[in-house]
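Reviewing the structure listed below.
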Amino acid sequence: MKLDDKSIKEIIVRENYISEIDLKKAEEEAKKSGYSIIDYLFSEGLLTKELLGQAISEHFKVPFVDLKKERIEDNAFFLMPELVARSRSVIVFASTPDGLKIAMADPEDLEIRHAIEKRYGHNVIAYFAFEKDIIEAMNRYEADLSDEFKNVLKKLEDKNLSAEERDEISSQIVDLLLKYASQNKASDIHIEPYEKKIIVRFRIDGIMHDVLEIPKRLADIIITRIKILSKMRTDEHRAAQDGKLRFKSEDQLIDVRVSVLPVTKGENAVMRLMRLCVYCLPREGNSV
C-alpha cells in the first residue's frame, strides 16, 4: 500500500536524513504554514526530493524516478488506460527492450503490475515516484470523466430546464459512461446504488476500478435512460430485466448486454461491452 505521512517520517528518521527532534519542530512549523510535512521539508531545504525519493525507493526495493526530470515517451504513456492510471496512481513512462518502465506511488501493488504484464506481454520494471508527480504527468490525458461529468451536472442544476432538455442531458451522462468505458478497454460497467450515492465501477483486465460517484437523486434518470436504450420497460422496478444496445466508438461497433436488477437501495445495472470487428462498420449512408 502507498506510504502515509507517518510511514514516510519513520523512514526519514530511521535513515538519519533528519533527527526526530528536528522533524517535530518541522511538523509544528508546517501546521502553522498550512503545508504538508513533506512539502515543508522540501520548501525549507531540510530535505531534497532526490534524497527522500531514494530513501522510499530503498524501502520498496525498487529504483526512484523523478518524473519532472524524466522524458516520458508518448507511445509508452498512452498504453495505460486513463482510468487505470488514475485509480492506481501508475503510469508507463518508457518502453525498452527489457520491458515497460512504470512509475508507481505504490510499487507493492502487484495486482496492477501483473495485469500490465498480462495485457502487453512485456516484463514490467517498477519505479517509485511521488504521487503528486504522477498526477501532474496525467495532464497528458484529456479531461477525465469526473471533470466532464461535473460539467454535465452543472447543467442539470438549472431548474428552468424543459423535460426535453433534461432528457438530453441524461443521454449525455450515459454516453459519457459508454465513451470512457470503451476508451479504457473496459469489459463491464457496474452502476451500484447506495444510501446517498451511486458508484460507477469499470472492470478492466479483470480488475474492478471505482470510477465515479454520482448523487443519488440522479439514479432514476440514469437507469431510465439505460432502460430506454436497451428496450426495457421503464415502469418495471421490482423484477430483473435484460436488454441490449449498440453504439459506435471511433472505428468500432460495440454491442452492450445490459442487466438491471432490483436491490435494497434501488436498481443495480451491469453493462457488458462486446467489441465487434473494426472493419464491420456500415458504409456511409447505411444505418447500424
Being over 27 Å from G243 (Cα atoms) and not basic (K, R): is that true of Y194 here? no
Return the only residue of A55, A26, A85 being free of Cβ contacts under 8 Å to residues at least 24 places away in the same chain and in contact with a helix residue (DSSP H, G or I) (Cβ under 7 Å, 6 or more places away or on another chain). A26
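Every residue, every condition in (1) within 19 Å of the chain's Cα centre (by Cα); (2) under 19 Å from A85 (Cα atoms); (3) not aliphatic (A, V, I, L, M), yes or no:
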{"position": "K150", "(1), (2), (3)": "yes, no, yes"}
{"position": "L161", "(1), (2), (3)": "no, no, no"}
{"position": "R166", "(1), (2), (3)": "no, no, yes"}
{"position": "I169", "(1), (2), (3)": "no, no, no"}
{"position": "Y180", "(1), (2), (3)": "yes, yes, yes"}
{"position": "S187", "(1), (2), (3)": "yes, yes, yes"}
{"position": "I199", "(1), (2), (3)": "yes, yes, no"}
{"position": "G206", "(1), (2), (3)": "yes, yes, yes"}
{"position": "H209", "(1), (2), (3)": "yes, yes, yes"}
Kindly provide the set of residues from the range 46-71 that are in a helix (DSSP H, G or I) and not small (G, A, S), ordered by number. K49, E50, L51, L52, Q54, I56, E58, H59, F60
Just the residues that are over 19 Å from N184 (Cα atoms) and among the hydroxyl-bearing types (S, T, Y), please, taken from the range 82-127. S95, T96, Y127
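Do we have any residue at all in the range 92-105 that's among the aromatic types (F, W, Y), touching a residue at least 24 places away in the same chain (Cβ under 8 Å) and not in a strand (DSSP E or B)? Talk me through it step by step, then tell me what you get.
Of all residues in the range 92-105, those among the aromatic types (F, W, Y) come to 93.
Restricting the remaining residues to those that are touching a residue at least 24 places away in the same chain (Cβ under 8 Å) gives 93.
Cutting the leftovers down to not in a strand (DSSP E or B) gives us none.
No, the conditions are met nowhere in the range 92-105.
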Quick one: count up the residues across the range 1-45 that are of a type in the set (A, V, I, L, M, F, W, C) and not in a helix (DSSP H, G or I). 3
With out of contact with any Lys or Arg (no Cβ under 6 Å at 6 or more places or on another chain), buried (at least 18 other Cβ atoms within 10 Å of the Cβ) and not hydrophobic (A, V, I, L, M, F, W, C) as the only criterion, which of S95, S87, S43 stands out? S87
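Taking the range 108-133 on its own, how many of its residues are touching a Ser or Thr at 6+ places or on another chain (Cβ under 8 Å) and either part of a loop (DSSP other than H, G, I, E, B) or more than 14 Å from S87 (Cα to Cα) (or both)? Give the steps one after another, and end with the answer.
Keep residues of the range 108-133 that are touching a Ser or Thr at 6+ places or on another chain (Cβ under 8 Å), which gives 122, 125, 127-128, 131.
Then keep just the ones that are either part of a loop (DSSP other than H, G, I, E, B) or more than 14 Å from S87 (Cα to Cα) (or both); that gives 122, 125, 127-128.
Of the residues in the range 108-133, 4 are touching a Ser or Thr at 6+ places or on another chain (Cβ under 8 Å) and either part of a loop (DSSP other than H, G, I, E, B) or more than 14 Å from S87 (Cα to Cα) (or both).
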Take the residues of the range 232-285 that are in contact with a Lys or Arg (Cβ under 7 Å, 6 or more places away or on another chain), within 21 Å of N184 (Cβ to Cβ) and of a type in the set (V, I, T): which is modelled with the lowest pLDDT? I254
Residue selected from the range 134-156 under the condition among the charged types (D, E, K, R), in contact (Cβ under 8 Å) with a residue 12 or more places away in the chain and part of a helix (DSSP H, G or I), by the criterion nearest to V211 (Cα to Cα): E148
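The values are calculated or read from the model by the stated rules, or taken from the named source; none is laboratory data. Remember, predicted model here, so these are calculated numbers, not experimental data. Note that we place each Cβ from the backbone using ideal geometry, even for glycine, and neighbour counts take in every protein chain shown.
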